[in-house]
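The values are calculated or read from the model by the stated rules, or taken from the named source; none is laboratory data. These numbers were taken from a predicted model, which means no experiment stands behind them. Cβ placement follows ideal geometry from the backbone for every residue including glycine, while neighbour counts extend to all protein chains displayed. These area figures cover heavy atoms from the full protein model, side chains too; ligands, DNA and RNA do not enter into them. Shrake-Rupley method; radii C 1.70, N 1.55, O 1.52, S 1.80 Å.
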Amino acid sequence: MSEKGQIYRISGPVVTAIGIKAAMFDVVRVGNEGLMGEVIELHGDKCVIQVYEETSGIRPGEPVINTGETLSVALGPGLLTQIYDGIQRPLEALEEKMGVFITRGVDADGIVMDQKWEFNPTVKVGDSVKPGTVIGTVQETETIVHKIMVPPKKEGVVKDIKQGEFNVTETVCTLDDGTELQMMQKWPVRTPRPFLQKYAPDTPLITGQRILDFLFPLAKGGTSGIPGPFGSGKTVTQQQLAKWSDAQIVVYIGCGERGNEMTEVLSEFPHLIDPNTEKPLMNRTVMIANTSNMPVAAREASVYTGITIAEYFRDMGYDVALMADSTSRWAEAMREISSRLEEMPGEEGYPAYLSSRLAEFYERAGRVETLSGDDGSVTVIGAVSPPGGDISEPVSQGTLRIVKVFWGLDAGLARQRHFPSINWLNSYSLYPASLDQWYRDNVAQDFPDIRTEISSLLQVESELQEIVQLVGSDALPIDQQLTLEVARMIREYFLQQNAFHDVDTFSALEQQYKMALAILTFQSEAKKAIAAGAALEDVVNVESRTNLMRARFESGYLEKIDGLVDSMKKEINSAVEAEK
Amino acid sequence: MTEKEYRTITDVKGPLVFLNKTEPVSFGEIVSLRLSDGSTKNGQVLDTSDEMVVVQVFEGTAGVDLDTGIRFMGDVFKLPVSKDLVGRILTGAGKPRDGGPDIVAEHNADIIGAAINPYSRRSPEEFIQTGISAIDSCTSLVRGQKLPIFSASGLPHNDIALQIARQAKLKDSDEDFVVVFCAMGITAEEYNFFRYDLERTGALENAVLFVNLADDPAVERLITPRLALTAAEYLAFEHDYHVLVIYTDMTNYCESLRQIGAAREEVPGRRGYPGYMYTDLAMLYERAGIVKGKEGSITQFPILTMPGDDITHPIPDLSGYITEGQIVISRELHQKGIYPPINVLPSLSRLMNAGIGPSKTREDHKSVSDQLYAAYAQGRELRGLVAIVGEDALNERDLQMLKFADLFENKFLRQSKDEDRTIEGTLDLAWELLSSINTKYLVRLDQKWIDKYHPTEKK
Ligand SMILES: Nc1ncnc2c1ncn2[C@@H]1O[C@H](COP(=O)(O)OP(=O)(O)O)[C@@H](O)[C@H]1O
Ligand SMILES: [Mg+2]
């Protein structure tokens, strides 16, 4: 056996080689064109390889060469603003080399090797450094400082440190034992990057989406799953988070989904301004696009490529948010490969290890103390695409067992164009208990109480709706009819949020809070007015309430809202006067 | 090309032929089978190793025996492409069906097609006016989109597809589309319906037809759409045409896929369809779009009939997960005598937002369509309630919504098969119908559009 063997069998993306010495997960080059593949099974003298490129036209007998490396990503300055395929080939470089269609057998470095970056050291000669120590910084984009860290397993005392313009493979630091450090390091994607310890999350990831921040918050370092049938809003929700969440770095993985959706992100993000930094959102974004028609093995790898990049920025002390759209396509890639391997299938044909793979992936989320003692986090938000929208299937169930937040999308709501169509009755977040203090300190002391009031109104509504279905709303007592009106206001004014509206797309926390208060003010004023003899119709139809609701589409709403609420109060009170 | 003929078949199973040790054969290679009666069939390599080769036979394995001779053609399946394709009718395997000459190739194109680099796509955003109000207002189509019609047996999806093919144009332009029509397992009657209509309107001269009918080999259907899309890519990306691909019926295509999966004894996914059906369908649907540096475009209209009218069936389900929306045809509306019976509620155009609005359609378009949906959805829901409690139990708001739903179906959806409405006409009609509802209930409409377009309240 040697480093070089030959193809024995080809079945779609799975190729079997003989006569080659290989270990699990070694990267190999397959066939005359040197297609990239990864060893996924060893069987006596046969070695099974998943190939990341299209295999038609390849024949038995062609060579297979072991590179001896495991599937790794290149980490260093130049990652941000990039768009990669599932195995970290920059799509822009592929376009230059092969035009608009992705053909095969072409390689491209994950980060540009000859670009010069201004390296500023943060250690000096004589300092001792260990894995994770920041030895210098590079201003990678307008808003992000890239911290150059000592890679794992290397440590010592700094003998020489440079300052100035270097490319990522030039040595910027030498240790006393002669170890040379460069700005680029490699990391095997299937191995989580080390950290000192995990912390319990205590800060929300603020998204500017009212239903998320207010009712079902996600913590920085937390995990959430968004299952929903097609057309229910998974992608728009993920894109909204990529745009408006207050993470410092965003890794967006388009895993087995539409090409045009990635194009949309690519064309939109450079023009969108991050509300937190006032600079283009692209500056903080890394994208992975392995669309549905691109090779499935690379789709399988894409989530690992993405999460490794996310961990790398976490290790610099950043809050990273990772979106994977859709984890179901990743699971299907696993299923396809597994069935080619003729493995014993588990539920619905998925491999038996599906749920452990899902768990391992989400386990890579978390808020951690980094090797250098910083605080960093990776938040993971996974879309799930259950067949027929039925979440009793294995991928949804495997995900829900792990994630702490469930944003359940509802086809019925989407059909009524109630967006985001997150079902407020069955969605949940397990984080409020650990986040409430933050909300009290940073928004308002009574924030959690307001949340409780809003969600219980929605609960009551759903119970009343059952009665209405039988007898009509006019048959209900007046106070319950009012409750229905208040709940309608919560749904139409607060929960609904148009992602495509320039103003409505983002709602600051303070504004969310004021809007919720406005609803409760309406409720209490209306109650008073009705008790004093006003007609429900008149109270509900006051024009100033319509104005209050419509004005949320106007910019500067936060400043106007108090005034609008005051006019609403006055008008409701005058409805009582009119009655007298 | 290998001239050597093998007679080493060991097994024949369904559409598959298994043969023993050959020289190395490439994955996906084209195979020619010579039967003992002298006739030939074609196939493609699905699995290849030093010991065994699995071949899928397009025309089915009837007549194949252990003595059948097999030759490997040394190449993967290719379509000869040339501008002469336009105006031709070909079989589901790409051979002339119209009695005309063979296509003289400008070059031969691999029919599997390479994936478009997502970085090289341009965002589709040019509004296509179909002249059908339900589509133009609520599920607006843009050039380069893939928008399937989800229908069911006995519904007029073919009429709708043809009406779209006839009327589709960019707003304020009369540039025509080249139609690539791909029939998979449809009946001769359905096919003739399409052909006569294309002939009648002169569109046939500007069309390429790939035809696999119900009595043609089922396995060939796996090739037909790939041929059609290869022709479409050639015309769009090498000759700047705007191509409209209509393929029907995707359900038959998926049945063939299931048949192959079963013959290979693969572990089946939902309802017996292969686990890789999503990826397989994506390799067709994703061949739509517009790309950098090329003028042409591919817009796709796949038609599929939902088995048992069930939208959660794997065929519509997986399609909907890939395409950029769907137009859903409703049996209920059809039974009410409404044409086109499009149910806008489960219908969706994901690219609509990019294609509408000021300078594209009209500034109030988004707002109007949101309001149409909301009001129609509420009205329809109330029908159920009214059936139980009667109209008397409804308040003013609900009554207005209920009436609106009827108006919407009878005045807005309903139009004739040759009625070609402009988008302005469609939007004006929408305002007229919405004005039957008190403005205070029209919460989806921006005040500024009410001031400008409301028939009775405009300023
Ligand atoms: N928050 C939202 N605001 C407005 N429209 C939305 C919103 N979420 C979803 N939509 C609409 O629903 C469509 C489908 O959403 P998408 O996220 O693509 O669904 P999925 O990924 O679940 O298939 C979008 O094209 C858009 O028209
Ligand atoms: Mg999606």
- Message: I'd like to know if segment A:18-31 contains one or more residues that are assigned to a strand (DSSP E or B), surrounded by fewer than 21 Cβ atoms within 10 Å (Cβ to Cβ) and facing another protein chain (nearest Cβ under 10 Å).
- Response: yes
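Would you mind stating whether A:I478 is in contact (Cβ under 8 Å) with a residue 12 or more places away in the chain, open to solvent by less than 60 Å² (accessible area, probe 1.4 Å) and among the aliphatic types (A, V, I, L, M)? Show your work before the answer.
Values: in contact (Cβ under 8 Å) with a residue 12 or more places away in the chain: yes; open to solvent by less than 60 Å² (accessible area, probe 1.4 Å): no; among the aliphatic types (A, V, I, L, M): yes.
Taking the combined requirement at face value, the residue does not satisfy it.
Scanning segment A:494-511 for residues that are within 15 Å of ligand 1 (Cβ to nearest atom) and in a helix (DSSP H, G or I), which turns out nearest to A:H418 (Cα to Cα)? Walk me through how you get there before you give the answer.
Here is the first cut: in segment A:494-511, the residues within 15 Å of ligand 1 (Cβ to nearest atom) are A:494-507.
In the following step, the residues that additionally are in a helix (DSSP H, G or I) were identified as A:494-495.
Numbers: A:F494: 11, A:L495: 9 Å.
Filtering first and then ranking leaves A:L495.
Within segment A:192-214, take every residue that is in contact with a strand residue (DSSP E or B) (Cβ under 8 Å, 6 or more places away or on another chain) and surrounded by fewer than 16 Cβ atoms within 10 Å (Cβ to Cβ) and give me the one that is farthest from A:M489 (Cα to Cα). If you could, list the steps in order and put the result at the bottom.
Within segment A:192-214, the first condition is being in contact with a strand residue (DSSP E or B) (Cβ under 8 Å, 6 or more places away or on another chain), and the residues that meet it are A:193, A:195-205, A:211-213.
So of that shortlist, the ones also surrounded by fewer than 16 Cβ atoms within 10 Å (Cβ to Cβ) come out as A:196-200, A:202.
Working: A:L196: 47, A:Q197: 45, A:K198: 41, A:Y199: 39, A:A200: 36, A:D202: 31 Å.
Ranking the candidates gives A:L196 first.
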- Note on the structure: Per the list (1) among the aliphatic types (A, V, I, L, M); (2) open to solvent by 20 Å² or more (accessible area, probe 1.4 Å); (3) within 30 Å of B:M283 (Cβ to Cβ), residue check on A:M184 breaks on (3)
- Only residues in segment B:321-349 that are free of Cβ contacts under 8 Å to residues at least 24 places away in the same chain and under 20 Å from B:K366 (Cβ atoms) count as the first member; pair them with residues that are within 11 Å of ligand 1 (Cβ to nearest atom) and outside any helix (DSSP H, G or I), Cβ under 6 angstrom, at least 6 apart or cross-chain, and list the lot. none
- Task: Among the residues of segment B:164-214, write down those that are outside any strand (DSSP E or B) and touching a Gly at 6+ places or on another chain (Cβ under 9 Å).
- Result: B:I164, B:R166, B:Q167, B:A168, B:L204, B:E205, B:N206, B:A214
- Residue match in segment A:403-412 (condition: more than 14 Å from chain B (Cβ to nearest Cβ), touching a residue at least 24 places away in the same chain (Cβ under 8 Å) and open to solvent by 20 Å² or more (accessible area, probe 1.4 Å)): yes
- Note on the structure: Of those in segment B:330-348 that are open to solvent by 10 Å² or more (accessible area, probe 1.4 Å) and part of a strand (DSSP E or B), the residue nearest to ligand 1 (Cβ to nearest atom) is B:L348
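Conditions (1) more than 11 Å from chain B (Cβ to nearest Cβ); (2) open to solvent by 20 Å² or more (accessible area, probe 1.4 Å); (3) under 19 Å from A:L517 (Cβ atoms), marked per residue:
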{"site": "A:A535", "(1), (2), (3)": "yes, yes, no"}
{"site": "A:V539", "(1), (2), (3)": "yes, no, yes"}
{"site": "A:E543", "(1), (2), (3)": "no, yes, no"}
{"site": "A:T546", "(1), (2), (3)": "no, yes, yes"}
{"site": "A:L558", "(1), (2), (3)": "yes, yes, yes"}
{"site": "A:D562", "(1), (2), (3)": "yes, yes, yes"}
{"site": "A:S567", "(1), (2), (3)": "yes, yes, yes"}
{"site": "A:K570", "(1), (2), (3)": "yes, yes, yes"}
{"site": "A:E577", "(1), (2), (3)": "yes, yes, no"}
- Query: Among A:V39, A:V48, which is touching a Leu at 6+ places or on another chain (Cβ under 7 Å) and either open to solvent by less than 30 Å² (accessible area, probe 1.4 Å) or within 16 Å of A:A301 (Cα to Cα) (or both)?
  - Reply: A:V48
- Does A:A331 satisfy being away from ligand 2 (no atom under 16 Å from the Cβ) and open to solvent by less than 10 Å² (accessible area, probe 1.4 Å)? no
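Is it true that A:L272 is more than 8 Å from every other protein chain (Cβ to nearest Cβ), within 16 Å of ligand 1 (Cβ to nearest atom) and touching a strand residue (DSSP E or B) at 6+ places or on another chain (Cβ under 7 Å)? Don't jump to the end; show me each part of the working.
Numbers: more than 8 Å from every other protein chain (Cβ to nearest Cβ): yes; within 16 Å of ligand 1 (Cβ to nearest atom): yes; touching a strand residue (DSSP E or B) at 6+ places or on another chain (Cβ under 7 Å): yes.
Yes; evaluated as a whole, the condition is true for this residue.
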- Message: Condition first: within 10 Å of chain A (Cβ to nearest Cβ), open to solvent by less than 10 Å² (accessible area, probe 1.4 Å), within 16 Å of ligand 2 (Cβ to nearest atom) and part of a loop (DSSP other than H, G, I, E, B). Can you find one or more residues in segment B:279-287 that meet it?
- Response: yes
- Query: Within segment A:232-267, restricting attention to residues that are touching a Pro at 6+ places or on another chain (Cβ under 6 Å) and closer than 16 Å to B:G320 by Cα, which residue is farthest from ligand 1 (Cβ to nearest atom)?
  - Reply: A:G259
